Amino acid sequence: MARKRKKEQTKPRPVSLDAVMQPAVTVPDKGLLTIFIVAKVLIVSTLILAFSHFDDLHRFNLWNRWHSGETELDAFYLPFSNWDAQHYLLLADRGYENHPHSHAFFPLYPALIAVVRVVLRDIYVSAFTLNVIFSYLFCHVFYHYGRHFLPVRTAYHALILLLCYPTAFYLTVLYSEALFLFLLFGFLYFYEVKKSYLSLLFALLLPLARGQAVFVAAALTIVLAIRFFRGKSIDCRYEACNLATFVAGGLLYLGIFQVMTGDAFSGIKAQGTFVFGNSLTNIMNPGHFINYLLSETKGVFSYTHSLVDKLFVIAALLCIGIVVKAKKPLWLVLYVILIYPVAAMGAGGSFSRLSLIAAPVLALAVWTACARYEKVIYAAGSVCLVVQLYFAGRFALNLWVG
């Protein structure tokens, strides 16, 4: 009887209002809220102060800073909208009709900006408000996901370590990282912790937010294959529904581009118009990856062959050992598949930023496998925070970070 009860508890739960609202309607956790506010104020202050006191050249370089250049040159919101942010704002403002380069960017984030803009009117306020909301929702669901594996105090520490990650400031600027990470950990929370079909909603939206959704689906497939060959039980219907929904999200992405641009694959084709040389075929060529790592760097920060990028790649590879020690197969496969393809696809330039997608898994693994080295983790987190503030300052000055 006990065995039967245990088996029933592992079955996916049907979607209900209670399941949808479960972590959302609870009173905001004071510790979580405090951590979030302190981190957000620190990064926002750094961006504004760097822009206000050190950016003497910003008047002469509005491209990569604002989507059309028709704005106040000293507006406080400019340091939030460099580089990729201009494309998201352009898409939110004008859609996919013009600027083919912007087709490389996924539609969900600019669509949400456009919707919020109907209420808030200002496109910058709309984008910033969205990022505050989604970065908090991500912190919230990450903490609750971590609570399933870690004690309360340690789950807080995992969140703090994550927010100290050198490129965590991208959760604040007008990029899609906050949205994607919320969707990713919303999916993991309902898929792995709650065993709820609500995971399907997140699986459907992930491919509309960022291309890494493909790697998430691949990670799930690999983990299922491992479980199958180990003879472990699998709820075939539940797993098939989740994987099929990822496919449905990908088809929806193609459908949106077919309607918006007349070419379902224009977004994929636009990826090749950038200087990074990204190609999925490079992932299957370890020689290309090794040659990239051993090639001469073009500068500390550069669009390709960046020294900082290579250091991040090496550090990420070394950290695989920590994730292995955590003894969570899904974390290990997810971490590897979120770092290696991104590092191997091209010639570098953005890995330091893109590695943020895998950083939450690493933060959980660190506090799972290495909690006894608390002082070492604190020291490493402090160094990471200092680096993040430096990176955020560079970003505010319209200098390349990743």
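The values are calculated or read from the model by the stated rules, or taken from the named source; none is laboratory data. None of the values given here were measured: they were computed from a predicted structure. Every residue, glycine as well, gets a Cβ built from its backbone with ideal geometry; the counts of neighbours run over all protein chains shown. What goes into the accessible areas is simple: the full protein's heavy atoms, side chains included, and nothing from ligands, DNA or RNA. Shrake-Rupley method; radii C 1.70, N 1.55, O 1.52, S 1.80 Å.
Filtered by the rule that a residue be surrounded by fewer than 19 Cβ atoms within 10 Å (Cβ to Cβ), farther than 21 Å from Leu42 by Cβ and not β-branched (Val, Ile, Thr), the stretch 357-402 gives Ala369, Cys370, Ala371, Arg372, Tyr373, Glu374, Lys375, Trp400. Taking first residues from the stretch 373-402 that are closer than 20 Å to Lys325 by Cβ and partners that are in a helix (DSSP H, G or I) and open to solvent by 50 Å² or more (accessible area, probe 1.4 Å), the Cβ contacts under 9 Å between residues at least 6 apart in sequence or on separate chains come to Gly381/Ile160. In summary, helices (runs of 4 or more DSSP H) completely within the stretch 285-342 and bearing 1 or more residues that are open to solvent by less than 30 Å² (accessible area, probe 1.4 Å) and of a type in the set (Phe, Trp, Tyr) occur at 286-294.
Quick check on the stretch 90-110: of everything there that is out of contact with any Leu (no Cβ under 7 Å at 6 or more places or on another chain), assigned to a helix (DSSP H, G or I) and touching a residue at least 60 places away in the same chain (Cβ under 8 Å), which residue is farthest from Tyr170 (Cα to Cα)? Full working, then the answer.
Just the residues of the stretch 90-110 that are out of contact with any Leu (no Cβ under 7 Å at 6 or more places or on another chain), to begin with: 90-98, 100-101, 103-104.
Next, only the ones that are assigned to a helix (DSSP H, G or I) stay: 90-94, 100-101, 103-104.
Add one more test, that the residue is touching a residue at least 60 places away in the same chain (Cβ under 8 Å), and what stays is 100-101, 103-104.
Working: Pro100: 24, His101: 21, His103: 21, Ala104: 19 Å.
Restricting to residues being out of contact with any Leu (no Cβ under 7 Å at 6 or more places or on another chain), assigned to a helix (DSSP H, G or I) and touching a residue at least 60 places away in the same chain (Cβ under 8 Å), the top hit is Pro100.
Scanning the stretch 115-160 for residues that are among the polar types (S, T, N, Q) and either under 24 Å from Val361 (Cβ atoms) or not in a helix (DSSP H, G or I) (or both) yields Asn131, Ser135, Thr154.
Applying the condition of being in contact with a Phe, Trp or Tyr (Cβ under 9 Å, 6 or more places away or on another chain) and of a type outside the set (Gly, Ala, Ser) to the stretch 91-107 and asking which residue is most open to solvent (accessible area, probe 1.4 Å) yields His101.
What about Pro28, is it open to solvent by less than 30 Å² (accessible area, probe 1.4 Å), closer than 29 Å to Tyr143 by Cα and either within 25 Å of the chain's Cα centre (by Cα) or modelled with pLDDT of 80 or more (or both)? Judged against the criteria, Pro28 is not a match.
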